[in-house]
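The values are calculated or read from the model by the stated rules, or taken from the named source; none is laboratory data. Computed from a prediction, not measured in an experiment: that's the story for all the values here. Cβ placement follows ideal geometry from the backbone for every residue including glycine, while neighbour counts extend to all protein chains displayed.
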Amino acid sequence: MSLRAAAKAYPALLRVGFASAVAYRAEFLIWMFSTNMPLIMLALWAAVARSGPVGTYTQAGFAAYYLCTLLVRLLSGSWVVWELTMEIRQGTLAMRLLRPLHPLLAYSAENLAAVPLRGIVAIPVMSILLWTARQQLGHDAVLWLMLVPAMLGAWLLTFLVMALIGTLALYVESAASLFEAWLGISAVMSGYLVPLDLFPKAVQQVALVLPFRFLLSFPVELMLGKPGRVEALALLGAQWTYVAVALVATNLVWRAGLRRYSAYGG
Amino acid sequence: MIEVERLRKSYFVHRRAPGLRAALRSLVYRPREEVKAVDDISFQVKAGERVGFLGPNGAGKTTTLKVLSGLLHPTSGRVSVSGHTPQKRSREFLQQITLVMGQKQQLLWDLPPSETFLLNRAIYDIPRAQYEQTVAELTELLGLAGLLGKPTRQLSLGERMKCELAVALLHQPRVLFLDEPTIGLDVTMQATVRGFIRAYNERFGATVLLTSHYMDDVAALCPRVLVIDHGHLIYDGSLTELVRRVRPDKRVLLRLSRPVEARDLQRLGTLVSQTDAQAVLQVSQTELQGAVQRALAQLPVVDLTVEDPPLEDVMRELFQRGATEGAA
């Protein structure tokens, strides 16, 4: 299908996606408020840091880190893996495949359209962050500018990894379990539970080259002004390389998977 | 328009016996079995034809429709719809077809149908004037006024099906694949849907391929039927000819002014049922004329009707015959 036609349809997809998010507002708010792990981790680490800094993190440092983490998590979250695996199992993916629009583009619009509604939680978090942790935030405007593509990259990478694993449901029945495993590793290696620079050096070396960092830690690092401009640019390049790789891989797995798509009798 | 040549579609399914032991064994060993859903079928459908696809559950009807609409890749064989290879799912192909499945929906569940309409307008890139005209026509043909603004989840099954049909036809497809479009609907709604499908076919010259378990759908809509059983195409022709071949006998319905003896009726043909005021006889084609003449001359007949046997009976007999032949 042509990209021009998809681009033309995308605003309508976003509009309908937003209407759906509003229709599911209660469920949506519950999901957002249940995304509270960074706040739990903040309470834990703040208690540990009471007697002195942990690594480079003071109590205020932890507060800034976990509030940034919560903000990035709220704005980059996606749920396509659950929807995709369910629709493949139930055969309802067929209805999407009949339309002249790539189903992954439709899913992406539905997921993106929920971002404005997330503002309901994200804006207060942002306000608290700016007020309480202003000393801890980065002051380089260039890094803040880089945050825009870094957030988009984080969202895209999250979405594409979810789409890739969800697409595996065309091959195996346990794709959702596979994603649970990914989620477990990701919670540790993306900096969601613990800042990556608190890990032992060897683990850090591994974490810094894996894709998980670019899902969450990298935008947080930019907000905290941790990398220099040159390093930040290199990291942005690495993040978007991962996005490109994920895009190609998802597309390949999707195309091969459709050949196997059977939805027998359903 | 539609060309199917030696189409085959098989699946591999895992086999496992019930019980804990079998569950544990399946952790290391899962035998696979090939299921031939469609096995070497060929047919052609001309533009504007209405064709009924008949067969028992699991015969391969839905699989064939899914291959024709590009959802499934054939295992082997050649399929062409409007000059396109369906499994390539080109935009031009998808713009020309629609598949309505009675048990699946494309309407957004929590939003009014009008939202799905607008979404499809954008996806299919339908010009505004054409969209408005089509919506107006569909609203009139299907009686959608008042339904398009209600959330889908609050519509009745019949109302939802009408909206499903409308949203599937907004882009004015030239080929309609309809899989059990009247399933679960009451008799009035079935008739409405049938009337609509016929009207759409006549208005746009669209080709219709329909599967249904309701024989009335097929009888009312499809001058031609394809019968598929165990993945094989066992009949391709008119419904009348199919009935004649499978059940060459006719049913004679007699309304009587007074009760008659059963043996008097049995002289005319096989007695299917009898009450004081009515009797139903099964009579072969060759003996029909004589039987009717004798009935009128010898019995107190108030009214006499000659009918084909019910389609359900014909199909049951056809598939039973197929099953027996398959087992033999």
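Figures for the structure shown
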quantity	calculated
In the range B:114-173, the residues that are in a helix (DSSP H, G or I), among the hydroxyl-bearing types (Ser, Thr, Tyr) and closer than 21 Å to A:ALA6 by Cβ	B:THR116, B:TYR131
The one condition in (1) within 20 Å of the chain's Cα centre (by Cα); (2) within 14 Å of chain B (Cβ to nearest Cβ) that A:LEU183 fails to fulfil	(2)
Extreme residue, farthest from the other protein chains (Cβ to nearest Cβ), among residues of the range A:16-35 that are in contact with a helix residue (DSSP H, G or I) (Cβ under 8 Å, 6 or more places away or on another chain) and of a type outside the set (A, V, I, L, M)	A:THR35
Strands (runs of 3 or more DSSP E) contained in the range B:194-274 and holding at least 3 residues more than 12 Å from the chain's Cα centre (by Cα)	B:232-238, B:249-256, B:270-274
Residue in the range A:157-178 that is over 30 Å from B:PHE12 (Cα atoms), in contact (Cβ under 8 Å) with a residue 24 or more places away in the chain and touching a Pro at 6+ places or on another chain (Cβ under 7 Å) present	yes
Answer residue from the range A:66-122, given it is farther than 23 Å from A:GLU27 by Cα, touching a residue at least 12 places away in the same chain (Cβ under 8 Å) and out of contact with any helix residue (DSSP H, G or I) (no Cβ under 6 Å at 6 or more places or on another chain) and is farthest from the other protein chains (Cβ to nearest Cβ) among those	A:HIS102
Residues of the range A:202-221 classified as among the hydrophobic types (A, V, I, L, M, F, W, C) and within 22 Å of A:ASP140 (Cα to Cα), total	5
Residues satisfying the stated conditions in the range B:91-113, i.e. of a type outside the set (Val, Ile, Thr), at the interface with chain A (Cβ under 8 Å from one of its Cβ atoms) and under 25 Å from A:SER2 (Cα atoms)	B:ARG91, B:LEU94, B:GLN95, B:LEU99, B:GLN106, B:LEU108
Residue satisfying condition, being of a type in the set (Ser, Thr, Tyr) and surrounded by 13 or more Cβ atoms within 10 Å (Cβ to Cβ), within set A:SER34, A:SER51, A:SER20, A:SER2	A:SER20
Among residues of the range A:227-266, those that are in a loop (DSSP other than H, G, I, E, B), away from chain B (no Cβ under 14 Å) and either farther than 29 Å from A:ARG134 by Cα or in contact with a helix residue (DSSP H, G or I) (Cβ under 8 Å, 6 or more places away or on another chain) (or both), counted	1
Residue within the range B:33-42 that is within 14 Å of chain A (Cβ to nearest Cβ) and part of a helix (DSSP H, G or I) present	no
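This table checks each residue for (1) buried (at least 17 other Cβ atoms within 10 Å of the Cβ); (2) away from chain A (no Cβ under 14 Å); (3) at pLDDT 90 or above; (4) farther than 26 Å from B:GLY48 by Cα.
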site: B:ARG121; (1), (2), (3), (4): yes, no, yes, no
site: B:GLN130; (1), (2), (3), (4): no, yes, yes, no
site: B:GLU140; (1), (2), (3), (4): no, yes, no, no
site: B:GLY146; (1), (2), (3), (4): no, yes, no, yes
site: B:LEU157; (1), (2), (3), (4): no, yes, no, yes
site: B:ALA166; (1), (2), (3), (4): yes, yes, yes, no
site: B:HIS171; (1), (2), (3), (4): yes, no, yes, no
site: B:PHE177; (1), (2), (3), (4): yes, no, yes, no
site: B:THR182; (1), (2), (3), (4): yes, yes, no, no
